Structures are given as C-alpha cells and as structure tokens.
Amino acid sequence: MKTSIKKIVTAVGATTALMAAGQAAAEIRIGIAGPMTGPVAQYGDMQFSGARMAIEQINANGGVMGEELVAVEYDDVCDPKQAVTVANSMVNEGVRFVIGHLCSSSTQPASDIYEDEGILMITPASTSPEITERGYELVFRTIGLDSMQGPVAANHLASLNPERVAIIHDKQQYGEGIATAVRDTLTDAGVEVAMFEGITAGDKDFSSLVTKLKQADVDYVYYGGYHPELGLILRQADQAGLDATFMGPEGVGNKDINSIAGDAAEGLLVTLPPSFDQKEENQDLVQAFEDKGEDPSGPFVLTSYAAVQLVAEGIEEAGSKDPFDVAEALRAGTFQTPIGTVEYNQAGDMESFEFVVYEWHSDGSKTPVN
Amino acid sequence: MQDLLYFIQQLINGLTIGSTYALIAIGYTMVYGIIGMINFAHGEIYMIGAYTALITITGLTALGIVWLPLILIVALICAMIVSSSMGWAVERVAYRPVRGKHRLIPLISAIGMSIFLQNYVHLAQGSSNIGFPALVEGGFRFGPEDSFQTSISYMQIMIFAVTLVCMTVLSLFISRSRIGRACRAVSQDLGMANLLGIDTNRIISATFVIGAALAAVAGLLLGMYYGSIDPLFGFIAGLKAFTAAVLGGIGSIPGAMLGGLILGVAESMTSGYLSGEYKDVVSFSLLILILLFKPTGLLGKPEVEKI
Amino acid sequence: MAAQNFKHALFSAVVTLIISYPILGFNLVSEGISVQLEGADTFTLVGVFAAAVVVFLFQLFRDTIMGGLGKLPALNPMANRPPMPQRKRLKVESVLLTLMLIGALFWPFIASRGAVDLATLVLIYIMLALGLNVVVGLAGLLDLGYVAFYAVGAYSFALLSQYFGISFWFALPIGALLAALFGLVLGFPVLRLRGDYLAIVTLGFGEIIRILLNNMTNLTGGPNGIGGIPDPTLFGMEFGRRVKEEGNTSFHETFGIAYAGEHKVIFLYLIALVLAVITALVIRRLMRMPVGRAWEALREDEIAAKSLGLSRTAVKLSAFTIGAFFAGFAGTVFASKQGFISPESFVFLESAIILAIVVLGGMGSQMGVILAAIAVTILPELAREFSEYRMLIFGAAMVLMMVWRPQGLLPMRRIHIELKPQG
C-alpha cells in the first residue's frame, strides 16, 4: 500500500510540476479512479495495474498524437461520497479522460459530474445497467452488464434443475442489480425462488441468515455482492451444516475468499468474464505483466488496459482531444483490444460481452463449467 | 416440531452473540460505574485484541506448532496482555488528565481516541478483511435426519463456556478480593474512598485493565466465530455492547450479562423472523424504549437527584 | 522518589513496547489463499524502540521536564492579561466578524474552484456547528445523534426533487421545517432523560435514521443513495451546461458568456454564505432573548431554573427544535452541493466531528465555533499529502486539545450588564 501512495504523490506531483511549467510539455492526462484502500481494494489493484501498463506501453510507442499520457490517480474507497469528491478533484486537475470508477455505486454519482463537466469516462468494472441508461454522451464501459451476467448465471442455475433457490444480495447497486436479474430470469424459467433478501454490507454475523436458509431447505443460493460477505456466509453455512451450492458474480471471484472461507469455498460457482489472459493473442501482454511482477489474471486487469487503449485510439481516430469528438469516434469505430473486438452502441455499452461460469476451488484456482 | 427446532436454533445463535456482547459490555459498565464516563475507545480495544490473537495464531502456525489448546491459550494470553496494556495506556494518556472536567470533555477525548486507534490499526495492518482460521470445527446436531436440524457447534459451546468462566471469575474477584472491594468502594463514592486510603488512581487503572482483558477474550472468540476481522469492526461491536450495558443498567455487572443476552436474542430473532436488515433498528429501539420507561436499565439502581 | 520514578518509567516503556510492537511489527498479509505474517521493515522497528526510549526518558525526568515547562513564559501572551473590558471586546469581535465577512464575500473571485468548493463545505459545517451549539453549548443537552436532522434535511430535498420536482428554494424551508418537526417529535418523550442517558438515546436515534435510510431501498435507494439532485437556480436560470428543467433558461446563455463550471460553484458558495450568516444572526438574537437566557439558566442549574418557574420541557424542546431546524438547513445545502447523497454521509463519525467543533470552539461561543469549523474542515484537506494519516492525526488532535485546552479556542463569556457606579 505504501508504494501505491508514493506513486500517487509522484503522479500528482509530476502533473502539478508540469502544470506550473505552463503546460509546455505536451501531455494528455488520464484520470484513474478506483479503490486503493478499503474492503475491495484488491479489485482496485487490478484496475490500476492494467491501466498503468497500458499507459506505459502507449508512451513507449510514442504516445498519442505525439503527446505523452500521464496518469492522475485517485482513491475513492468504493464510497459514493468520496467518489463525488474524487470526480471534483479530477475536474480541478483538468483531466479530460477518466478510467473508472470500479464499484457501480461510485461510478453512478461520479458520472453525473463527468458528463456535466465534459469529461469522458470509461468504467472497466461497473456492471450496473443504470449507468448507461441515462442517455449520457460521455459514459462508456469495457465490461458487460448485470443484465447480461444475471441471465448467464440464472440459466446455468436453471440447467441444474434446482428445487428451490435463495437469492441474497448486499443491497448495493451492483449486488442488488445482478440479484434482481437472476431472480427475474429464474422466475421466467419456472424455478422457485424461495427467498430474496438483503444483508448489510460490512456485517459479520450471518448465523441467523444461514439458519433461515436451512429452514427454507434450498439447494442453491445465489449471492449478489462482493467476497468479504460471501466468504463469511460460506464459512458460517459450512459450520451450521447447510447443504447447498453457492453461486456469485465476478465480485466474489477473488483469492481472498479462500482465506476467509477456507475449505468452504470449494465448489462455489462464479460467473466471470472469460480469462482474457489465456487467449493466444494476449501472451505478449501477459508476459509484460509477469515481467513487472504483476498478475494479469484478475477480471478487471485487461478491461482496464482496454479502456486506456480505447481512449488513446479514440483520440487518434477523432484527431482531437475534445472528449465529445472522442466519444463520437468511439461510437463510430471498431477497435481491436485484448478483450476482443469492441464496438459501442448508442448508450456506450459494448455490443457483445461474454460471461463464463467457473467452479471455484479451495486452493484458489478455478475451472470452467460446461 | 420443525418450527420449534428453528426457534431453538435462532435462540442458540442469539445467545452466542449475546454472551460476547456481555464480555465487551463489562468494560463499559465498570468504567461508567466508577468514573461516570462512556469509554468510546473500548470497541477499538476489543478489535486490537482480535488482531493480536490472529497475529499470534498465524505466528505460531508458521513456527510449526499444531497442538490446538496451546495455540488458543497462547493467543488468548497475548491478546489479553496487549489489550490490557492498551487499556491502561489509553486511560493514562487520554482520560486521566481530563478527569473531573465538564462531562463533554472526556467524551470528546474518548471519541478522539477511538478514531486514533482505528486508524492506528488501519495503517499498520491495512483496511481489508482478513480471514481468521477456523480452528475449532464441527458440532452436535439434533432433530430428524431428513429435515431441519438444530445444530450447536463446538465453537458456540466454547463461547458459552468461556463467557461463563470469565463472568464467574470476575464476580468472585469483585466480591472477594481486596482490589474488587476497593473497586466497589470507589464506585460508590470516589472521594470518600480516597479519604479512606484507597489509591483511587490505581483502582481506576485496574478497571480499565480488567475491562480490556475481557474485551480481548471476546475479540479472539468472535474473530474465530465470524471468520474475518477488519479495523472497523470494533466500533459497531462496541456500540452494541454499550447498548447492552445500558439495557442491563449501566454500572451493574449482572446487568451487562443480562443486557448482552437480551440484545443478542432480540437481534437473532429479528433476523430469523423478520429480516436481517432491521436487526440494528430493533436493538436501538429496544434501548430507547427501556430508557424511556426504566431510565436506569433493567438492573440498575435508581439515581437520587441531589439538590 | 527517584527509584519510584525509575520503576514507573520502566513500566511505561514496557507498555509502549507491548502496545506498539505486535501491531506495528508484524503485518498480516493475504498470500494467495492463506494469511501470512510478515515482519515490518527495520525503519518501523527502530521507530517502535525509539518511542519506548522516549517514553522511558520522559517518565524518568518527568518532574524536571514539567518543572522546566512551568517556568517557561506562557505560550499564550494574552493569558495573563486581564480580560478586556466587555464593551471593547464586543467591538473587537464585531470588527473581526465584519472583516471575515468581507473576506468571505470576495473569496470565490480570488480562489481556485477547489478552494471555493472547500469553503462551501466549511460554511455547511459552520451552520451545523452553530445549530448544535444551541443544543449542547447553550442548553447543555448532550446530543450524539445530531447528524439525523442533517440527514432529514438532505433527504427531504433529495426526495422532494426526485418525486415532485420541487426546486431548491422551496425545499430549503421544507427541509428545515421537517427536521425541526423531527426534533420536536423526538424531543418530546426523550428530553426528560438526563445527561448521559439523553446522549445514548440520541445516538440510538441517529443510527436508526441512518439504518432506515439504508434499508428503505424503494424510497431512498438504500446504500446507493439518490443522485441527480438539482442545483439551485437563480430566478429560473440554471448553471449547468444544458438546461435540465422545462421553462428554465441557462445562466451562461442569458448573459452571453462562455459556460464555466465555476459559476455553479461560486453561486452555491454565496448561497451557503448567506444562509450561514442568517443562521449566525438568528441564533445571536435568540441568545439575547428570554428563551436564550432560559437555555443557559437550565444548563447551569436545572433545579433552580425550575423553581423560578421555567418549564423544563418547553425550554429544552425549543433548543432541540431550533438546533434541528438549522441542521435541516445545512442538509439541504449539502444535498445540493454534492448532487448525490447516501446514508454513508450520515454516520456517527459525522455527529462526533460536529460535536468536536462545538467543544473545540469553546462551548456556547459563536466566534469560537466558527473558527473551529474552519480549522476542523481545512486541516485534513491541507494534510491531503498525508491522506493516509489524516484521520490518525485528527483523532490525536482531538485528544490533545481536550487535555491541553479543554475550554476551547475562544471560551464563551457571558454578556452581562454593568451597573453604573452610583454617586
């Protein structure tokens, strides 16, 4: 954590120094906003490492339109209130392109400010449909939507012929959104949803919830949320002898869930973006990450890389640094990125994005389920 | 039959949580009983106890020690030592210099201390949730094989047993030992106790140390029971324990026990029969109602208004 | 004596080691699927031992050091001077206030956007602290759930604008009145409790409001909060790039100037400034009215006040309601400034910070509270470089202030009327 702080200070310091020099040095500032601290900082690390790598590589290849990309990094702790502060700081810093934020609940309020101030935002991780539903011009993403991921999860559950399914969520935009999508698809498929209940993020005692699940006699439990809570639920369910299979979205697919849940994490089902790092054409990039001692396998590393790349190519394509022109270019063009071919629709969502169901193991590895 | 088993299960869940609340509540109730201040930093001391226990357990495991009772006992002792020292230091640094001032002053000082300690651990250990290894696994099951079974885990039994032992020892200590008698004297009349030759400063320090040691016990037990700890979890637990202390009648040790159990059961019943989202609303509403109709709590002594 | 000092010093040093070494010296790190222990770097370890040595030396020579400190000239040169005569003091204070106000009026035109934004936040805290000052400083009622009324104000504006399209200017009085109503309704049963019990109940109430806001997802959006809260308008002119509401015009088009994000920030700042000044003036007036005297009388001696015929409930209730009213005011401005609110903004820590402002400023003193609000809001921002450490420093500063200057920055002095000497 200490190194990341140093990096911010240097990054911010460098930008201020350059600003003082009358912006003589040609540069394009790219804001990166996500959690560096807090309960989901692991996902933030993926985002920052992917975006930094892209900036590094683009600069090494001569930058964008002959100008260098400079990262301006801010920590929003995945807290909606801090996200607003961060967004305002981005405006103050004169940033015109932002990669972020990570949590949907942060991305949404921040995007209001970006749209208003004419800043282009590409979120590499927020999957809530609402973010692109508001007709904003400058909001894009390099990840799928809950409304795509939910059905994938629900169809998989339905194919397992469950008797009763319980759906639990953490009431946050991401968790509840995806849980609702799962419930709707399951109901349409004629599966009985025995329970649909919210928990409070940050809670630690789930013994009553687990007892309730046991009473409801469910054989599958879908959890919409992040890994700290699901880890505890898995462990406490195991202790209480609840015999059910759990499933969650990509927010739970993290090795930290193993350190909390231990053996209880075995057999957990997770929907994740396909492992981009396994793709043939990305092997050079994977090598570059490994040379830096970083792990490219996290679900948001390459989506963040792609987001920076899209900004760069959008600027080149538009031949202008004006975010509105870049947005137009992004909507018009087709781009080849490590996450595949990207084409945008009017809302700023990718035309297609695939999710795959994995089975999680107690040693932190995962295998695809067919 | 099934409904009854379900009820019993929720009751067991509630009593487990409740008894750990009671352990933390002792610290609040003893301090309030003696110097009449709310020690807001107590929840943080409990959190530090949990961290110390986890550090000790991880360290011992890394050294290759696998005999469970040894690990638990060493972790417990380390946690108690660190927490007690913290309790002692907090009292010396933040509370003793402001004792006897306007009652808001110690309160603000305590809140400041709470923020300080939270961030101290946050900076040293990071802010993410850290998994606490499940050392005690397994348990008993009751009821029919093919439907709902009530289960009570060894961990839950251990929590009951340890709480019971701690409470008994504490009661004996307060009623029999010299320091215990002095504690009671000081809580009745600080000035008079001073005149009678009791070193009141030492007794107040002892109160903080005892409260902190019990909080450390709760930290170890709850860390293992829940499965993860983070620097913020002390604050919420502290608030709950404090509620328990007030519920039972602040200043009364059996009251803290009773308040903790009632609060734990109320929470688990709310989660079990309504929704987990509202368990905190129910516990705080319970607190407000009790204070409105019986302002001194369930077992507290009525205060006489002196003119 | 020396032996005893040595023993105590040694004990203190050992305690310092015990409380810092395990937590700072060993770091728990998640390595893949398990938790590992890592030793801290040498720098930290040296720091831990240095701290223990410092504590040891300080305790060993405590008498000498403390004696030496006592002989030093007082840090505050004003300390030994006799207090200024009241009339002169009032004059100095009012001159200072006028200067501050003038400075505040020109501030947005000389400072950067970020600084103006921060100043708006300072003004919101000033409103909150002035309101809480009535409850805690003047009436002596310990309120730990003040943030609940702040939340009521903010959420009433957010909800009214979301469901009924009500603008800032209508929502401002409604939000404040609703908060006051909450204060009245809560105060009625609760105010017969005394001292700490009152503190606990208000704390519980504050938490209940926050949890309800968090759980009533259908109405309040739960943890996701409410976004898209409109900015205040100036006679139907909006400050955004594009006009959002039918029938409004936009500010930059009306005046034919280029759009700038600053306009909105400056306008909001000026609104907050006007509201803060109104708050200060109203409360200043109230303090001199019989109701203000009654608050203080009740704070000083409840029984004596009762025996003089003051209605305890009515007096307490009035303080509670008025405090809540201004919190509602501040909440509406806050909602409008953020454009987005969620229950996260109304946690207990916020109550504690506002209370710390009141106590730090010197309970009851308006000038002191204003200065403290400025200090408490700006200091953490100045310490952004040490953003990791700022809450740590904030906590430590709260403790140190209470230990060294418990009466606050500018303790309140009661306004009294001097009798002219006879003859």
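Fewest neighbouring Cβ atoms within 10 Å first, the residues A:142, B:61 line up as B:61, A:142.
Divide by every residue of the protein assembly as shown the summed helix terms, -39500 (n - 2.57) for each DSSP H run of at least 4, and state the resulting mean residue ellipticity at 222 nm, rounded to the nearest 500 deg cm²/dmol. Value at 222 nm, helices only, nearest 500: -20500 deg cm²/dmol. The amide H of residue A:32, built 1.01 Å from its N in the peptide plane, has A:72, A:73, A:74, A:99 as neighbours under 5 Å, considering only residues 5 or more places off or on other chains. Using the Karplus relation 6.51 cos²θ - 1.76 cosθ + 1.60 with θ = phi - 60°, the per-residue 3J(HN,Hα) values for segment B:115-121 come to 4, 4, 5, 4, 6, 4, 6 Hz, with x marking Gly and Pro.
Phi angles of segment B:61-78 translate, via the Karplus equation with coefficients 6.51, -1.76, 1.60 and θ = phi - 60°, into HN-Hα couplings of 4, 5, 6, x, 8, 10, 6, 4, x, 5, 4, 5, 5, 5, 4, 4, 5, 4 Hz per residue; Gly and Pro are given as x. Other residues whose C-beta falls under 14 angstrom from the C-beta of residue C:7 contribute a net charge of +2, scoring Lys and Arg +1 and Asp and Glu -1.
Among DSSP bridges having both ends in chain A, what percentage is antiparallel? Round to the nearest 5. Could you put the intermediate results ahead of the total?
Values: 13 of 47 bridges.
The antiparallel proportion sits near 30 percent.
If we count other beta carbons within 10 Å of each Cβ, what is the order of B:167, A:195, fewest first?
If I rank by nearby Cβ atoms, fewest first, I get A:195, B:167.
A Gaussian network model of chain A, with springs between Cα atoms under 10 Å, assigns the largest mean-square fluctuation among A:99, A:58, A:178 to A:58.
Along the axis of the charge dipole computed for chain C (Cβ charges of +1 for Lys and Arg, -1 for Asp and Glu, origin at the Cα centre), the listed residues C:223, C:404, C:15 are led at the positive end by C:404. Panel note: the C-alpha atoms of chain A, placed on their principal axes, show extents of 68, 41, 40 Å (largest first). Shown here: segment A:149-234, whose C-alpha atoms stretch 33, 28, 16 Å along the first, second and third principal axes, sorted largest to smallest. Taken over chain B, the ratio of Cα radius of gyration to 2.2 N^0.38 Å equals 1.02. Please give the net charge around residue A:203, taking every other residue with its beta carbon less than 13 angstrom from that of residue A:203, where Lys and Arg add +1 and Asp and Glu add -1. Here the count lands on -4.
What FRET efficiency do you get for residue A:334 and residue C:216 if R0 is 30 Å and r is their Cβ-Cβ distance, rounded to the nearest 0.05?
Efficiency computed from Cβ-Cβ geometry: 0.10.
Grouping the Cα pair distances of segment C:2-71 into 10 Å bins from zero gives a pair-distance distribution of 20, 34, 25, 14, 6, 2 percent in increasing distance order. Taking a ≥ b ≥ c as the square roots of the eigenvalues of the alpha-carbon gyration tensor, segment C:82-151 is classed oblate because a/c is 1.5 or more while a/b is no larger than b/c. For segment C:2-71, the relative contact order works out to 42 percent when only alpha carbon pairs closer than 8 Å and six or more residues apart are counted.
Toward the positive end of the charge dipole of the protein assembly as shown, with +1 on the Cβ of Lys and Arg and -1 on the Cβ of Asp and Glu, the farthest Cα among B:170, C:150, A:285 is that of B:170. Once each of the GluC sites (Glu not before Pro) sitting in a DSSP loop with at most 11 other beta-carbon atoms within 10 Å is removed, chain C keeps C:1-245 as its longest stretch.
An oblate overall shape is assigned to the protein assembly as shown, the ratio a/c of its alpha-carbon gyration tensor axes (a ≥ b ≥ c) being 1.5 or greater and a/b not exceeding b/c. Counting Cβ atoms of other protein chains within 10 Å of each residue's Cβ and taking the mean over peptide B:269-276 gives 5.
Cα gyration tensor of chain C, axes a ≥ b ≥ c as square roots of the eigenvalues: rounded (a/c below 1.5), prolate (a/b > b/c) or oblate? Since a/c reaches 1.5 but b/c is at least a/b, the shape of chain C is classed as oblate. Amide H contacts for residue A:246 (H built 1.01 Å from N in the peptide plane; partners 5 or more residues away or on another chain; cut-off under 5 Å): A:221, A:269.
Of all segments of chain B bounded by GluC sites (Glu not before Pro) found in a DSSP loop with no more than 10 other C-beta atoms within 10 Å, the longest spans B:146-304. Basic side chains Lys and Arg get +1 at the Cβ, acidic Asp and Glu get -1 at the Cβ, and with that the dipole of the protein assembly as shown about its Cα centre reaches some 7600 debye. Quarter the surface of the alpha carbon convex hull of segment B:1-98 and you get the mean projected area, 9.1 square nanometres. Along the axis of the charge dipole computed for the protein assembly as shown (Cβ charges of +1 for Lys and Arg, -1 for Asp and Glu, origin at the Cα centre), the listed residues A:233, B:123, B:24 are led at the positive end by B:24. Please check: in the Gaussian network model of chain C (C-alpha springs, under 10 Å), which one of C:268, C:37, C:410 has the largest mean-square fluctuation. Of C:268, C:37, C:410, the Gaussian network model singles out C:37 as fluctuating most. Could you tell me what percent of the DSSP beta bridges with both partners in the protein assembly as shown are antiparallel, to the nearest 5? So the antiparallel bridges in the protein assembly as shown amount to around 45 percent.
Peptide B:131-137 is shielded by partner chain Cβ atoms: per residue, an average of 6 of them sit within 10 Å of its Cβ. If you take the Cα centroid of segment A:131-172 and the Cα centroid of segment B:192-210, the two points sit 61 Å apart. Residue-wise HN-Hα couplings along segment A:212-226, as the Karplus relation 6.51 cos²θ - 1.76 cosθ + 1.60 with θ = phi - 60° gives them from phi, are 5, 4, 5, 4, 6, 6, 8, 9, 9, 10, 9, 10, x, x, 10 Hz; Gly and Pro carry x. Given a cut-off of under 8 Å on Cα pairs at least six residues apart, what relative contact order in percent is computed for chain A? Rounded, it is 17 percent for chain A. Listed as lacking a disulfide-compatible partner in the protein assembly as shown: B:78, B:166, B:183, by the criterion of no other cysteine Cβ under 4.7 Å.
Computed over chain C, relative contact order equals 24 percent, with contacts defined as Cα pairs under 8 Å that lie 6+ residues apart.
For residue A:77, enumerate residues with amide H under 5 Å from its amide H, sequence gap 5+ or separate chain, H modeled in the peptide plane. The answer is A:36, A:37. Taking other C-beta atoms within 10 angstrom as a stand-in for reagent exposure, C:113, B:202 fall in the order B:202, C:113, fewest first. Each Lys or Arg adds one and each Asp or Glu subtracts one; over the other residues with Cβ under 14 Å from the Cβ of residue C:347, this totals -3.
Give the calculated FRET efficiency between residue C:304 and residue B:171 to the nearest 0.05, with a Förster radius of 41 Å applied to their Cβ-Cβ distance. Intermediate values should be presented prior to the final figure.
On the way: r = 42 Å, r/R0 = 1.02.
Between residue C:304 and residue B:171 the formula returns 0.45.
Rounded to the nearest 20 debye, the dipole size of chain C about its Cα centre is 1840 debye, using +1 on the Cβ of Lys and Arg and -1 on the Cβ of Asp and Glu.
Values quoted throughout were computed directly from the atomic coordinates according to the rules given, and no laboratory measurement underlies them. As the structure is a computational prediction, the values presented were derived from the model and not from experiment. A quick note on method: Cβ atoms are made from the backbone with ideal geometry, for glycine too, and the neighbour counts reach across all protein chains shown.
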